[in-house]
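To start, the structure itself, in structure tokens.
The values are calculated or read from the model by the stated rules, or taken from the named source; none is laboratory data. Values in this document were obtained by computation on a predicted structure and should not be read as measured data. Backbone-built Cβ (ideal geometry, glycine too); neighbour counts: all protein chains shown. Just so you know, the surface numbers come from the protein's heavy atoms only, side chains and all, with ligands and any DNA or RNA stripped out. Shrake-Rupley method; radii C 1.70, N 1.55, O 1.52, S 1.80 Å.
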Amino acid sequence: MQLPESIATLFYFFIILPSAFYGNVEAHQVTFYVHNKCSLAIWPATAPNNGQPVIADGGFYLAPGQTKQIVAPWSWSGRIWARTGCNFASNWKPACETGDCDGRLECNGLIGTPPATLLEVTLQGDKGKPNFYDISLVDGYNIPISITPKIKNPKCTIQGCFKDLKSFCPHELEVLNTNGEVVACKSGCLAFNVDRFCCRNEYGTPDKCRPNVYSNIFKEACPNYYSYAFDTPSPLVSCASTEYVITFCPFGWGSGTNEKHESE
């Protein structure tokens, strides 16, 4: 049976066209499944690069064992990290012991205060190219992270650390909370702000900026991460996927024993 022309037209605009439109929108997105395997709560955060939108409101609460699905445009680039030891119920600034963004739950584009382990992402689906991602300790470490496509591929996986850097962080790099517990480990660059550790000025090329005593400690614990700016071989991964699993504390440790009140 054929529909009258007027009804067929309405059917197209209200049924077929919206379905095609929303299906196309989904095809132009990348989904991250953010999983907390730490023993304590964390507060993952996101910060876009210039010109990119904020995703997941810039930050959210994630209980131990919980997974949250967040969506990014297929051309998105930015960073993702975890904050630890947060208490947003008070007016304290910082509200988090590590990775804080001006005391806010939703960072809304703000970059977290280092040191914090950073997942750096560049999505290129709009260009028909693979996505790039890496995990960086250039500014320091708070907890380990892993990332893999949802359909697992060893060549596309960045594993977590083999050791918890907080447990053997050099004294001069330690970040302590109010209880005197080590909650993060600074990089040599962040701790001392010298060109040799920061790969700048006369040390601003790969042949001049070489591994140092501190970056070597980071590399031993986390061989799949950037330990300093010109780390080689490059830990950058290039793989095409529309779904990725991001796991904080992939081996179930790394968040430490300290935490303030869990406030959503």
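Of all DSSP bridge pairs formed entirely within the chain, close to 85 percent run antiparallel. For the range 146-153, 3J(HN,Hα) computed residue by residue from phi via the Karplus equation (6.51, -1.76, 1.60; θ = phi - 60°) reads 10, 9, 8, x, 4, 7, 4, 9 Hz, glycine and proline entered as x.
Pairs of Lys residues in the chain, spaced 8 or more positions apart or belonging to different chains, with C-alpha separations under 20 angstrom: 21 in total. Kirkwood radius and radius of gyration were both taken over the C-alpha atoms of the range 81-165, and their ratio Rg/Rh is 1.05. Ligands, DNA and RNA are left out, and with a 1.4 angstrom probe the accessible area of the chain is 50 Å² per residue. For the range 155-251, treating each Cα as an identical point scatterer without solvent, what Debye log10 I(q)/I(0) comes out at q = 0.19 1/Å? Debye intensities relative to I(0), on a log10 scale: -1.01. When Rg and Dmax are taken over the Cα atoms of the chain, they come to 21.1, 80 Å. Taking Cβ atoms as reference points and 14 Å as the exclusive limit, the residues near Ser241 contribute a net charge of +3, counting Lys and Arg as +1 and Asp and Glu as -1. Each part gets one Cα centre, and for the range 181-236 versus the range 133-175 those centres are 13 Å apart. With the charge dipole of the chain set up from +1 on Lys and Arg Cβ and -1 on Asp and Glu Cβ about the Cα centre, the Cα lying farthest toward the positive end among the listed residues Thr157, Leu176, Leu110 is that of Thr157. Amide hydrogen proximity for Cys161: with H placed 1.01 Å from N in the peptide plane, the residues at 5 or more positions away or on another chain lying under 5 Å are Ile145.
The string of couplings for the range 174-187 from the Karplus curve (6.51, -1.76, 1.60, θ = phi - 60°) is 5, 10, 10, 8, 5, 8, x, 8, 6, 10, 6, 10, 6, 7 Hz, one whole number per residue in order, with x for Gly and Pro.
Semi-axes of the equivalent ellipsoid for the range 56-120, computed as √(5λ) from the eigenvalues of its C-alpha gyration tensor and ordered from largest down, come to 20, 14, 11 Å.
The phi torsions of the range 52-61, fed into the Karplus equation with coefficients 6.51, -1.76 and 1.60 and a -60° offset, translate into couplings of 9, x, 6, 10, 6, 6, x, x, 6, 8 Hz, rounded to whole numbers, with Gly and Pro shown as x. Carbon-plus-sulfur accessible fraction, the chain (probe radius 1.4 Å, protein heavy atoms only): 53%.
Here the chain is assigned +1 on the Cβ of each Lys and Arg and -1 on the Cβ of each Asp and Glu. Its dipole about the Cα centre then comes out at about 480 debye.
When only Cα pairs below 8 angstrom with a gap of at least 6 residues are kept, the range 183-260 shows a relative contact order of 23 percent.
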